[in-house]
Amino acid sequence: MGDRVRRPQEAAHAVPRPGPDGSALLQRVARGDEAAFEQLYDLLIGPLYGVIRRIVRDPAQSEEVAQEVMVELWRTAARYSPERGSAMTWAMTVAHRRAVDRVRSAQASADREENVGRRQLARPFDEVSEQVTTRLEQEQVRRCLGTLTDLQRESVVLAYYGGRSYREVGELLGTPLGTIKTRLRDGLIRLRDCLGVA
Amino acid sequence: MTADVHALTGAYVLDAVSDRERDEFERHLRECEACAQEVYELRETATKLGRAAAVAPPPALKASVMAQIRTVRQDPPQASVTPLRRPRSSWALRMTSAAAAVLLVAATFLGVLLVRARDAADTSEAQASAMATILSAGDAQVTSEGDENGRMTILMSRSADRMLLLADDLPAPPEGQDYQAWTITGDDARSAGLLPDGGTATLEVDDIGSATQVGITLEPTGGSSRPSPDLVMEFDLS
């Protein structure tokens, strides 16, 4: 596939890696270290803004939510401890939740339907030109999504990247709620096993 | 239903649940080790899904963020927000009779129907201790506002530098919003915590400083770093 062999090292490295330890930075932030917070911003903002933008769509609102998330990380840094997981997971959990809350509180859910619905199903990665993630990460996720059944993949993508509740997914796909819950869980478990819990 | 709740781990991790379902599932997580472990692992997986979508924001965002954090106070390590609802029915028995006597006398003196209005089930040991500390301080003050459709009571002592905000039967906030309490000093407002479901709840505030007011606002779910302009309730402190 493709006319030349692509090696992982050729992927763009716009996100510093491995580089600074997010967990250590976040613990310094908890003590009010602004320099550490600035480094944490650089480390996290690509993934945070990216997932928010994917869900919220509107660039201005996406920036607002991204700022709210970074401020919340600053404010609540003392609650983080390494046994709770990586700083990235901590931050992404906050970001995803806030992005989903933002779109769900928007009145015009009908607009969301027509703008987002079917497009999400077809191509989860449609903004290739703006990607700062490594090709490798993106390919791994794409490949592992490919190991899911169609229903599992569509459910997971609608839920995660589309910010849909499992009830909305059920309605969109015309599938019973119990089945959707199971597909979301099975799909994530399959992704976990494929991607590895590193 | 028991089998059903375990199946919610995927939907929960993907934020594909309603606020109520999330609250219920988080209660379940405290009791189900297997689900807690699964959630921990699946969160890492979801993070990888998110990372694959990474996009650089406009560079100006960074300066905006750095400017704002300089105005935001960080929460202390011991969260002084205690949301609600963990029945600890034995605390009343464990209180010493002296402390109980102080509470009763102080409550009677202040004319506050705190003890009557609140179940032991709604108040943790730490809050009971804070209540005793405040009520036995020489400068304890109480202010209360509301009726059978919701009441907010503030109990504080400047000398003890402690405050309890006691909500009783607050109406549930609108979907997508939480009540947030603030201590206000002039133009400066500091979050005292969230009352996500309204109802009956207690917030403990340490470090009142020179706050002259307490305000309650409606904020987006999860709270805000600055209060929105409209106060749902407002109390002046002496």
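The values are calculated or read from the model by the stated rules, or taken from the named source; none is laboratory data. Everything numeric in this text was worked out from a predicted model, so none of it was measured. Positions of Cβ are backbone-derived with ideal geometry, glycine not excepted, and every protein chain shown enters the neighbour counts.
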Considering every residue within region A:25-37, establish whether at least one is free of Cβ contacts under 8 Å to residues at least 40 places away in the same chain, crowded, with 23+ Cβ neighbours inside 10 Å and part of a helix (DSSP H, G or I).
-> no
Within region B:16-58, restricting attention to residues that are under 19 Å from A:L195 (Cβ atoms) and of a type in the set (D, E, K, R), which residue is surrounded by the fewest Cβ atoms within 10 Å (Cβ to Cβ)?
-> B:E41
Pairs, please: C-beta under 6 Å, at least 6 apart or cross-chain, first residue under 19 Å from A:R104 (Cα atoms) and within 11 Å of another protein chain (Cβ to nearest Cβ) and in region B:13-37, second in a helix (DSSP H, G or I) and of a type in the set (G, A, S)?
-> B:V13/B:A46; B:L14/A:A159; B:A16/A:A159; B:V17/B:A11
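Among the residues that make up region A:185-196, is at least one of them touching a Phe, Trp or Tyr at 6+ places or on another chain (Cβ under 6 Å), free of Cβ contacts under 8 Å to residues at least 40 places away in the same chain and buried (at least 24 other Cβ atoms within 10 Å of the Cβ)?
No: zero hits.
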Among the residues of region A:164-198, write down those that are at the interface with chain B (Cβ under 8 Å from one of its Cβ atoms) and closer than 17 Å to B:R51 by Cβ.
-> A:L188, A:L191, A:R192, A:L195, A:V197, A:A198
Mind checking which residues of region A:42-58 are surrounded by fewer than 21 Cβ atoms within 10 Å (Cβ to Cβ) and modelled with pLDDT of 95 or more?
-> A:D42
Subset tally (residues that are within 7 Å of another protein chain (Cβ to nearest Cβ) and in contact with a Lys or Arg (Cβ under 7 Å, 6 or more places away or on another chain)) for region A:75-105 | 3
For residues that are more than 10 Å from every other protein chain (Cβ to nearest Cβ), touching a residue at least 12 places away in the same chain (Cβ under 8 Å) and over 16 Å from B:A60 (Cβ atoms), tally how many sit in region A:38-66.
-> 5
Can you tell me which residues in region A:149-160 are touching a helix residue (DSSP H, G or I) at 6+ places or on another chain (Cβ under 8 Å) and surrounded by fewer than 24 Cβ atoms within 10 Å (Cβ to Cβ)?
-> A:T149, A:L151, A:Q152, A:R153, A:E154, A:V157
Complete set of residues in region A:59-111 that are basic (K, R), within 18 Å of A:R31 (Cα to Cα) and at pLDDT 95 or above | A:R75
Which of the residues that make up region A:116-134 are modelled with pLDDT of 55 or more and loosely packed, with under 14 Cβ neighbours inside 10 Å?
-> none
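Would it be correct to say that B:L165 is under 30 Å from A:D101 (Cα atoms) and not charged (D, E, K, R)?
On the way: under 30 Å from A:D101 (Cα atoms): yes; not charged (D, E, K, R): yes.
Yes; evaluated as a whole, the condition is true for this residue.
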From B:A46, B:A67, B:A63, which residue is without any contact (Cβ under 8 Å) to a residue 40 or more places away in the chain and at the interface with another protein chain (Cβ under 7 Å from one of its Cβ atoms)?
-> B:A46
